[in-house]
Amino acid sequence: MIFGMWDAVFFKLGPIPVDHLIVTQWAIIVVIGLIAFCATRDMKLVPSGLQNGFEMIITWTYDFFTQLMDEEHIAKKFAPLLSTFFLFILFSNYSGLIPGAAHIQGFQPPTSNWNVTVALALVTFCAVHFGGFSEHGAHYLKHFVSPSAAMLPLNLLEEITHPLSLTVRLFGNIFGEEMIIAYLLFMAPFLIPTALMGLSVMLGAIQAIVFTILSASYIAAATSAGH
Amino acid sequence: MGLIALGAGLAVSIAGLGGGIGMGVSGGKAIEAIARQPEVGGDVRTLMFITFAFIETLTIYGLLIAFMLVGKMTA
């Protein structure tokens, strides 16, 4: 494994080896699910506390995606997916910052591995083309040969580079940041890495936002009426 | 071995140089635009982040090559 730090396979689920990354992702899913469950367990018309916060997040993301995508029904359709991307990537990025995490095998952030970011980017890829076909039907294929049929190879290449760049951006950022913190910890164990860890709190949030915004704009480009 | 190390350093430094110039130009222009017209701040900020993400991808490609070279060196 070139890019992995460990290769710890805990057990096998049929033919699929379950390693520390998958277990970490399960933990993240459980944590997000628990927070959401606690927020919606006792819903009131006039929200307070956790429910208030969640309603604020939902309204904010809906407004944001509506503004970004121009068409409200598309934004409504894809906002749950995109918000989930945001929350999941945010929690994944932050999972490497838990104190002592570097010493526990299995607390490497899942997004610092190729395989996870490829999966996320492929979900976006499927969502883009699903959105395009459900919005335009067979006419969607026309946009591959626009403005002229000579552009077909370039358009196809573009469809491949979108998920590739999403993958590499997220993976490279998080992995690079982890590596730099690891090198600094090796050279100066106390105090100095905290500056960079503070920076990586910001970077983790920005990367989550960037992945979400780019996915949204790819979906918006595929579903918009203008091609 | 030495050449591989040099290549890894050059890959990330040249990529970082280009990305830094690009980000400086686009970030500066975005701030200029917001200063001139503060009411479009939100839109400009979103576009600026998208632009940054695109520029940064190219730098990350360089970083990736550097990591691969370093991995090859230690293996």
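The values are calculated or read from the model by the stated rules, or taken from the named source; none is laboratory data. Since the model is a prediction, treat every value here as computed from it, not as a measurement. FYI the Cβ positions are ideal-geometry reconstructions off the backbone, even for glycines, and counts take in every protein chain you see.
Mind checking which residues of region A:183-208 are assigned to a helix (DSSP H, G or I) and out of contact with any helix residue (DSSP H, G or I) (no Cβ under 7 Å at 6 or more places or on another chain)? Outline the logic, then answer.
Just the residues of region A:183-208 that are assigned to a helix (DSSP H, G or I), to begin with: A:183-187, A:192-208.
The answer is A:TYR183, A:PHE186, A:MET187, A:THR194, A:ALA195, A:GLY198, A:LEU199, A:VAL201, A:MET202, A:ILE206.
For region A:47-95, which positions are crowded, with 16+ Cβ neighbours inside 10 Å and among the β-branched types (Val, Ile, Thr)? Don't jump to the end; show me each part of the working.
Start the filter on region A:47-95 by keeping residues that are crowded, with 16+ Cβ neighbours inside 10 Å, which leaves A:51, A:54, A:61-62, A:64-66, A:68-69, A:74-75, A:77-79, A:81-83, A:85-95.
Passing the criteria: A:THR61, A:THR66, A:ILE74, A:ILE89.
Has region A:155-167 got at least one residue that is of a type in the set (D, E, K, R), over 23 Å from A:LEU90 (Cβ atoms) and either within 12 Å of chain B (Cβ to nearest Cβ) or assigned to a helix (DSSP H, G or I) (or both)? Step through it out loud before you land on a result.
Just the residues of region A:155-167 that are of a type in the set (D, E, K, R), to begin with: A:158-159.
Filter again for over 23 Å from A:LEU90 (Cβ atoms), leaving A:158-159.
Next cut, either within 12 Å of chain B (Cβ to nearest Cβ) or assigned to a helix (DSSP H, G or I) (or both) only: A:158-159.
Yes.
In this structure, does A:LEU152 turn out to be closer than 13 Å to A:LEU97 by Cα, modelled with pLDDT under 90 and surrounded by fewer than 19 Cβ atoms within 10 Å (Cβ to Cβ)?
On the way: closer than 13 Å to A:LEU97 by Cα: no; modelled with pLDDT under 90: yes; surrounded by fewer than 19 Cβ atoms within 10 Å (Cβ to Cβ): yes.
Considered against the rule, which asks whether it is closer than 13 Å to A:LEU97 by Cα, modelled with pLDDT under 90 and surrounded by fewer than 19 Cβ atoms within 10 Å (Cβ to Cβ), A:LEU152 comes out as no.
Just one of the numbered conditions (1) within 26 Å of A:ALA79 (Cβ to Cβ); (2) within 13 Å of another protein chain (Cβ to nearest Cβ) is not true of A:TYR140; which one?
The single condition A:TYR140 does not satisfy is (2).
So, in region A:196-214, how many residues would count as being crowded, with 20+ Cβ neighbours inside 10 Å and away from every other protein chain (no Cβ under 11 Å)? Quick ask: steps written out before the conclusion?
From region A:196-214, those crowded, with 20+ Cβ neighbours inside 10 Å are A:200, A:204, A:207-208, A:210-214; that's our starting set.
Filter once more, so that each one left must be away from every other protein chain (no Cβ under 11 Å): A:200, A:204, A:208.
Looking only at that region, the number is 3.
Being surrounded by fewer than 17 Cβ atoms within 10 Å (Cβ to Cβ) and either over 10 Å from the mean Cα position of the chain (by Cα) or of a type in the set (Val, Ile, Thr) (or both) is the filter here; which residues of region B:52-66 pass it?
B:ILE65
Does B:GLY20 qualify as being closer than 30 Å to A:ASP63 by Cβ, away from chain A (no Cβ under 11 Å) and at pLDDT 90 or above?
On the way: closer than 30 Å to A:ASP63 by Cβ: no; away from chain A (no Cβ under 11 Å): yes; at pLDDT 90 or above: yes.
So B:GLY20 does not fit the description; no.
Can you find a residue that is aliphatic (A, V, I, L, M) and within 11 Å of chain A (Cβ to nearest Cβ) anywhere in region B:24-41?
Of all residues in region B:24-41, those aliphatic (A, V, I, L, M) come to B:25, B:30-31, B:33-35, B:40.
Next cut, within 11 Å of chain A (Cβ to nearest Cβ) only: none.
No, region B:24-41 has no match at all.
Can we say B:GLY9 is touching a residue at least 24 places away in the same chain (Cβ under 8 Å), within 13 Å of chain A (Cβ to nearest Cβ) and not aromatic (Phe, Trp, Tyr)?
Details: touching a residue at least 24 places away in the same chain (Cβ under 8 Å): yes; within 13 Å of chain A (Cβ to nearest Cβ): no; not aromatic (Phe, Trp, Tyr): yes.
Considered against the rule, which asks whether it is touching a residue at least 24 places away in the same chain (Cβ under 8 Å), within 13 Å of chain A (Cβ to nearest Cβ) and not aromatic (Phe, Trp, Tyr), B:GLY9 comes out as no.
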